[in-house]
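*Asks:* Have a look at this one.
Bear in mind that the values in this text are calculations on the coordinates, not laboratory data. Nothing here was measured: the structure is a model prediction, and the numbers come from that model. Here the Cβ positions follow ideal geometry from the backbone for every residue, glycine too, while neighbour counts run over all protein chains shown.
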Amino acid sequence: MRRFRPRRNDRTVSRDRDPIRATPRPARPHDATCLRDRFDVPSDIAYFDTAAYGLMSHDCRKALEQATVLLSRPWLSVKERAAEAAEFVRATIGALIRRPAADVALVRSVSAGIAVALRTVPIASGERILRLAGDHPSITLQCERRAREAGGVVVVAPDPGPGAWAASIFAALGPDEHPAVAAILLTPLFWTNGKTVAIRDVVDSLRARGDGRKTAIVIDATHGAGVVDDMFADLNPDFVVFPAFKWLLGPVGLAFLVAAPRRQTGEPSDLNGFNALTGHDGGLVAFRGGAARYDMGERDSPSHLLHAAAALKLLATFDRQASLARLQELADAVAGIARRCGYACTGGGPGAPHIIGLTLPGNADPSRTALALRERGVFASVRGTSVRLSLYLHNDWNDIDRFEQALTDLNVEDRATDTLQVDLQHRAKIWRRS
């Protein structure tokens, strides 16, 4: 596999040397919200992969260095600093989705949070757990395990293709007389391509059903938290789960489980000194109050918590509305370029501009496109049948230019290959006739 090496005369590196972009773009109203200088992204790299790993800011790198000092000199109040950071992170995450700090638990991963949520939900034999087809393994595997334990049934809402997820979910729910739905797992944006899921419509419809009022609503906000919190924050779900390391710019290995007060009486799956009170003999006396009863063991990791706290402080300085408007401008440009080059686009729509899925006609293998983009300095992921581009505040118009040039070059190469194949086929026919 060829490695990407920036070329000196690569016309996408500098607008001044680019004959296509010789005239600078006019200033946009929201250009000031670009925060590329807060991250370590070279000018010849277009990083459209925040959904895989959020970038580490310069502030977060400094926080990690401070954590390293604390760990190398633990007598410097390491326990106190970590505990203080844990409560700051808990309160800030609660404020992000308009819930009190007492509703937030610090867990190790999204899958761990989903496991706690499903374990807390009573599921009678034959009752259903509903999930989306093709959902992330963090969801699907936990659903299967909980259904096996409880004698429940996993029901899968099929991929709606070009249709709406809500219609597929309603069809999977069936009429009221079907077995009760003990839990439904939803997401505001599908993880492979950014397609929106009308979770508000689904939740309203479910709660209007005869059996729907007792259904636990579990929202995986992995691809929404930090950008489109308004899509789920006021739905009063039973649980919301999301990680720190994507658009929240925090560390890998830390996630958040937000539990409604009505769901704060379950038994945690991870029993430890952070979520339980013990007696002199070490026996359990009681679990801590609120969602902290679900906190993970070894919670007070300075490297995790100081990194997360620095990231959340940085996010608090962003103008959310202006940033969303700017992301929408960039997403519209990406989608327009992709469509002109023959790709179908999913996601990136109004209100949720940060994920776009590109697919070729006939659902052709996206791996070749992703590899070709990477060789040209454009970084994205393959998820399902899509090349997934995920945008954030570091992306700028030079990234858009680089993406356009890369996709255009790829199309030129494809047309040249097609022409060669046609020519070879024609020559083969002539040879056979002779």
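*Asks:* Just to be sure I understand, if you calculate Cα Rg over 2.2 N^0.38 Å for this structure, which of [x] 1.11; [y] 0.96; [z] 1.21 do you get?
*Replies:* The calculated read-out lines up with [x].
*Asks:* Restricting the count to DSSP beta bridges whose residues both fall in the range 206-329, what percent are antiparallel, rounded to a multiple of 5?
*Replies:* In the range 206-329, DSSP labels about 75 percent of beta bridges as antiparallel.
*Asks:* How much FRET efficiency would the formula 1/(1 + (r/R0)^6) give for residue 102 and residue 409, where r is the Cβ-Cβ distance and R0 is 41 Å, rounded to 0.05?
*Replies:* Efficiency, from the Cβ-Cβ distance: 0.15.
*Asks:* Now, a different point. Just to be sure I follow the rule: in the chain, considering lysines 8 or more places apart or on different chains, how many pairs have Cα atoms under 30 Å apart?
*Replies:* 9
*Asks:* Relative contact order (percent) for the range 52-161, with alpha-carbon contacts under 8 angstrom and 6 or more residues of separation?
*Replies:* It rounds to 18 percent for the range 52-161.
*Asks:* Contact order normalised by length for the range 60-315, with contacts defined as Cα pairs under 8 Å and 6 or more residues apart; what percent is it?
*Replies:* 26 percent
*Asks:* Report the antiparallel proportion of the DSSP beta bridges in the chain as a percent, rounded to a multiple of 5.
*Replies:* Antiparallel bridges: around 60 percent, rounded to the nearest 5.
*Asks:* Report the calculated FRET efficiency for residue 375 and residue 53 (r = Cβ-Cβ distance, R0 = 22 Å), to the nearest 0.05.
*Replies:* The value I calculate is 0.65.
*Asks:* Next up: Could you run the Karplus curve 6.51 cos²θ - 1.76 cosθ + 1.60 with θ = phi - 60° over the range 192-208 and give me ³J(HN,Hα) per residue in whole Hz, x for Gly and Pro?
*Replies:* 8, 9, x, 5, 6, 10, 6, 5, 5, 5, 5, 5, 4, 5, 5, 6, 7
*Asks:* Cβ neighbours within 10 Å, averaged per peptide: list 391-398, 114-121 in order, most packed at the top.
*Replies:* In descending order of packing, they fall as 114-121, 391-398.
*Asks:* OK, next. What FRET efficiency would be calculated for the residue pair residue 265, residue 201, taking the C-beta separation as r and a Förster radius of 25 Å, to the nearest 0.05?
*Replies:* E(calc), rounded to 0.05, equals 0.25.
*Asks:* Using a 7 Å offset from the Cα along the Cα-to-Cβ direction at both residue 329 and residue 84, what is the distance between the two label points in nm, to one decimal?
*Replies:* Result for the modelled spin labels: 4.0 nm.
*Asks:* Please state the relative contact order of the chain as a whole percent: Cα pairs under 8 Å, 6+ residues apart?
*Replies:* Relative contact order comes out at 22 percent.
*Asks:* Still on this structure, please answer the following. With axes computed from alpha carbons, what is the tilt in degrees of helix 137-150 against the longest principal axis of the chain, rounded to the nearest 10 within 0 to 90?
*Replies:* So the inclination is approximately 40 degrees.
*Asks:* Okay, next question. In whole Hz and in residue order, list the ³J(HN,Hα) couplings for the range 293-300 that follow from phi through the Karplus curve 6.51 cos²θ - 1.76 cosθ + 1.60, θ = phi - 60°; x for Gly and Pro.
*Replies:* 5, 9, 4, 6, x, 6, 5, 7
*Asks:* Which one, 139, 93, 158, projects farthest toward the positive side of the charge dipole computed for the range 60-315 from Cβ point charges (K/R +1, D/E -1)?
*Replies:* Of the listed residues, the answer is 93.
*Asks:* Points 7 angstrom from Cα along the Cβ direction at residue 62 and residue 368: gap in nanometres?
*Replies:* 4.8 nm
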